[in-house]
Amino acid sequence: MRRDVLELREFYASPLGDAARAMVERKLKEAWGDARGLDVLALGYGTPFVAPFRPAARRVVGAMPAQQGVEVWPPGGRNLAVLTDEDTLPFANALFDRILVVHGLEESADPVGFLREVWRVLAPSGRVIVTVASRNGLWANTERTPFGHGRPYTRGQLADLMREAELEPSGWTRALYAPPVGWTARWAEGFEQAGSRLWPGFAGLLLMEAVKQTFAVKPRGARARVAAAPVLAPAGGAAPASRAPKPASTRGVLAKDAPGS
């Protein structure tokens, strides 16, 4: 069962939630820069992390699963968030250049189907970052935060799942070394610096970046018929005719080595 959107909002309004947001947001900026001129999707409950991209990006949209609920975002402005079924996203094929998945995969009833929808709406040259609770981390072992619900993953498990959905992992990193208790929030930065050097395997979150495979798509019933729509361009080819060309990103992938290396 997914966490309610009110519970998620309350967590990210707390000092501990704000520290978690800051640690993940830093990783996103390292990977994507400012996403200038790009179309960005936050899937699950990713809106707290993608707000900094709005000034430079062409479009930033939040999509929240129906079982979770949706909130108006951004507050006080034109709404850019939508309520959606996780296995039928209301977007055209190959629409987004960057997709962030947070609080999306762990509680999905069909993780492969969920990621296949990510594959469908991701542009051929696009990149997706999936953020999940790390199976070895403290955050997966407490229910006091949203990251303690659903299925945590190891790096190998997440890489295998993404490949099954035709997403090829290209990089990974970890975040959130502070213990999941409120008093540690003020020292989150110190925990982050020390933890990445002293106990890297005990990070709370795992972030994995992947690119879209556009070849040798395996049949998957109804989902395959949607994913095989002809608007998808070959890898490295021109953008779909319905979209203007986007500037190529000059940023690298996440800092760690690619999975399996």
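Structure values in brief
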quantity	calculated
Residues located in region 37-53, provided they are surrounded by fewer than 18 Cβ atoms within 10 Å (Cβ to Cβ) and modelled with pLDDT under 95	Ala51, Pro52
Selection from region 131-149 of residues that are modelled with pLDDT under 85, in contact with a helix residue (DSSP H, G or I) (Cβ under 9 Å, 6 or more places away or on another chain) and of a type outside the set (A, V, I, L, M)	Asn136, Gly137, Trp139, Asn141, Thr142, Arg144, Gly148
Positions within region 117-154 being assigned to a helix (DSSP H, G or I), out of contact with any Gly (no Cβ under 9 Å at 6 or more places or on another chain) and surrounded by fewer than 22 Cβ atoms within 10 Å (Cβ to Cβ), in sequence order	Gly148
Residues being out of contact with any Lys or Arg (no Cβ under 8 Å at 6 or more places or on another chain) and small (Gly, Ala, Ser) - total across region 126-136	1
Wholly within region 1-108, strands (runs of 3 or more DSSP E) carrying at least 3 residues that are among the polar types (S, T, N, Q)	none
Test: residue in region 176-183 that is crowded, with 17+ Cβ neighbours inside 10 Å, on the phi > 0 side of the Ramachandran plot, in contact (Cβ under 8 Å) with a residue 12 or more places away in the chain and part of a loop (DSSP other than H, G, I, E, B)	yes
Meets criteria (part of a strand (DSSP E or B), on the phi < 0 side of the Ramachandran plot, surrounded by fewer than 18 Cβ atoms within 10 Å (Cβ to Cβ) and without any contact (Cβ under 8 Å) to a residue 60 or more places away in the chain) for Glu168	yes
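The values are calculated or read from the model by the stated rules, or taken from the named source; none is laboratory data. Quick caveat, the model's predicted, so the values are computed rather than measured. Cβ sites come from the backbone with ideal geometry, for glycine too, and all protein chains shown count toward neighbours.
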